[in-house]
Amino acid sequence: MSTTDDDKPFLVSGTGTETVAPGLHILRGQGQSFVAETDAGLVVIDAGPGGAVTRSMIESLRKLSDAPVHALCYSHGHIGYNAGVPDWVAHARERGDPTPRLIGHRNLPKRYARYSETQALQYRMAEIQFNRSVGFFEGKLGMHMPTETFDERVVIGTGDQRVELFWAPSETDDAIALWAPAQRVLYSGPSMLDSIPNIGTPFRTMRDTARWAGTLEAMAALRPRMAVREFGPVIDGEDAVQEVLTHTARALRWLRAEVVRLMNEGLNEQQILARIRFPDELFGVPWMKPTYGDPGYIVRDIYRSENGWWDRNPTTLHPDAPEAVAEAVAAAISDKAGVIASAQALADAGRWQMALHVIDLLATAPGDAPETVQARGLKTAWLRQRAEQVSSYVSRNLYKVSADMIDQGTQGRFGIR
């Protein structure tokens, strides 16, 4: 795998703080964490990834306030966002302050338990999705259980300094948000980004599109005058916040209805992806751009929510080993040079995706036959070309990292073909 991206910031939004309202502040780290000054002490959402990033967050906070940290809250259960909890606890101890409350949603411990069980898989997925070298995440994704959990809502502080933590299922089923009613400021956690909602990411488990829309609608009902996103600029003004929240919810509900309509027509996943068109009035606005996720990802997630794993091809019900199948397919092709020439013609016409479909007739076969080696070389080149055609950060990385792994002969260890 390429090691050239190891030094690039990993979901880091910068350093320092930004005051968005009296007593309410963005704290930059892994994404945009948040600080609320309450009469019980400071409430901090997300401790950061640990190491230098979390140390910088603590230093920035102390330039802002000398008050003790009353609570560290987990915006959601994705590992990394709160790997820095021990740094904050140690900081409180050094100051002689009480240990902060560690608050998460009731579903978060179950997620952490699942991630602990599948730790090696989590590392592999993160290395590929974020284009990091093998072993990059080992020891960097610590999980620290909350000391208290809640179901729907927790109130901290009183009067105008009161804040409310509430369940906001979206990217995860343990996501939370913060509402400061006196200032009418919403901190959305992972439910609002500056791009299309992160639903259906290729490596992750299913996310509930309709429930995410419901979360956005519930947030809109609060009538915030300002919304702070986990990633992206602050949305200032009640009308602007309403537009983003309600528009995004409407787009998600349209996707759900359209995929259901096409499923009811009898289309399978691939047919739906080929048929569906995303209306510009819903998906052409800045906050719905596919810079990280992609609307096609959401289509796949909705399809998965109502269907099993079968792709409707009876051949795949009880398949032989993929290497054996690839070997048999390659052996059955008498004109291997013709396959390569056909794929090359598609690539020359800029049809990189179709060229990949064709070259896979040979490129996935095991062994070092000359045509197979040539096909793999072409595939890696075309994967890199295809990466330049897509907007999604995740898709680009999956294309690029897969090409690197094929080049290096390490793809089998990661299940890449």
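Couple of notes before you dig in:
- Taking the numbered list (1) under 24 Å from Ala177 (Cα atoms); (2) in contact (Cβ under 8 Å) with a residue 12 or more places away in the chain in turn, Glu243 passes all entries but (2).
- Every residue from the stretch 118-140 that is surrounded by fewer than 18 Cβ atoms within 10 Å (Cβ to Cβ) and touching a Gly at 6+ places or on another chain (Cβ under 9 Å): Arg124, Lys140
Here's the yes/no breakdown for (1) more than 20 Å from Gly157 (Cα to Cα); (2) without any contact (Cβ under 8 Å) to a residue 12 or more places away in the chain:
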{"position": "Ala52", "(1), (2)": "yes, yes"}
{"position": "Ser65", "(1), (2)": "no, no"}
{"position": "Thr99", "(1), (2)": "no, yes"}
{"position": "Leu102", "(1), (2)": "no, no"}
{"position": "Ala113", "(1), (2)": "yes, yes"}
{"position": "Met125", "(1), (2)": "yes, no"}
{"position": "Ile128", "(1), (2)": "yes, no"}
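- Here the stretch 290-318 is the region considered, the condition is being surrounded by fewer than 16 Cβ atoms within 10 Å (Cβ to Cβ), within 24 Å of Arg204 (Cβ to Cβ) and not polar (S, T, N, Q), and the residue that is farthest from the chain's Cα centre (by Cα) is Arg312.
- Restricting attention to the stretch 156-165, the residues that are surrounded by 16 or more Cβ atoms within 10 Å (Cβ to Cβ) and in a loop (DSSP other than H, G, I, E, B) total 2.
- Which listed residue is at pLDDT below 95, within 30 Å of Leu42 (Cα to Cα) and either among the hydroxyl-bearing types (Ser, Thr, Tyr) or outside the structural domain of Asn82 (by TED's automatic domain parsing) (or both), from Gly214, Gly232, Gly200: Gly232
- The single condition from (1) within 30 Å of Ile298 (Cβ to Cβ); (2) part of a loop (DSSP other than H, G, I, E, B); (3) at pLDDT 95 or above that His144 fails is (1).
- Positions within the stretch 195-246 being at positive phi and under 18 Å from the mean Cα position of the chain (by Cα), in sequence order: Gly200, Gly232
- Some residue of the stretch 267-274 being free of Cβ contacts under 8 Å to residues at least 40 places away in the same chain, at positive phi and out of contact with any Ser or Thr (no Cβ under 7 Å at 6 or more places or on another chain): no
- Scanning the stretch 371-396 for residues that are among the hydrophobic types (A, V, I, L, M, F, W, C), touching a helix residue (DSSP H, G or I) at 6+ places or on another chain (Cβ under 7 Å) and either closer than 16 Å to Ser342 by Cα or assigned to a helix (DSSP H, G or I) (or both) gives Ala375, Leu378, Trp382, Leu383, Ala387, Val394.
- Checked against (1) under 18 Å from Ile79 (Cα atoms); (2) not in a strand (DSSP E or B), Ala182 passes all but condition (1).
- Applying the set (1) modelled with pLDDT of 95 or more; (2) under 27 Å from Asp46 (Cα atoms); (3) not in a helix (DSSP H, G or I); (4) not polar (S, T, N, Q) to Arg277 leaves exactly one unmet item: (2).
Each row is one residue, and each column tells you yes or no for (1) within 23 Å of Val35 (Cα to Cα); (2) surrounded by fewer than 19 Cβ atoms within 10 Å (Cβ to Cβ).
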| site | (1), (2) |
| --- | --- |
| Gly142 | yes, yes |
| Val154 | yes, no |
| Trp167 | yes, no |
| Ile176 | yes, no |
| Ser188 | yes, no |
| Gly200 | no, no |
| Phe203 | no, yes |
| Asp208 | no, yes |
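- Scan the stretch 303-351 for residues that are of a type in the set (Phe, Trp, Tyr) and out of contact with any helix residue (DSSP H, G or I) (no Cβ under 6 Å at 6 or more places or on another chain) and the total you get is 2.
- Scanning the stretch 353-381 for residues that are at positive phi and touching a Pro at 6+ places or on another chain (Cβ under 9 Å) yields a count of 0.
- Among residues of the stretch 123-140, those that are farther than 12 Å from Pro49 by Cβ, assigned to a loop (DSSP other than H, G, I, E, B) and of a type in the set (Lys, Arg), counted: 1
- Single unsatisfied condition, Gly51 versus (1) more than 19 Å from Pro169 (Cα to Cα); (2) small (Gly, Ala, Ser); (3) out of contact with any Ser or Thr (no Cβ under 7 Å at 6 or more places or on another chain); (4) surrounded by 14 or more Cβ atoms within 10 Å (Cβ to Cβ): (4)
- Options Glu243, Glu258; residue that is surrounded by fewer than 17 Cβ atoms within 10 Å (Cβ to Cβ) and closer than 27 Å to Arg277 by Cβ: Glu243
- When Pro370, Pro322 are screened for being under 25 Å from Ala126 (Cβ atoms) and not charged (D, E, K, R), only Pro322 passes.
- The condition of being in a helix (DSSP H, G or I) and without any contact (Cβ under 8 Å) to a residue 12 or more places away in the chain holds for only one of Met405, Met354, that being Met354.
- Residue within the stretch 248-256 that is of a type in the set (Phe, Trp, Tyr) and under 27 Å from Ser305 (Cβ atoms) present: yes
The values are calculated or read from the model by the stated rules, or taken from the named source; none is laboratory data. Please read all numbers here as calculations on a predicted model, not as lab measurements. Virtual Cβ from ideal backbone geometry, glycine too; neighbours counted across all protein chains shown.
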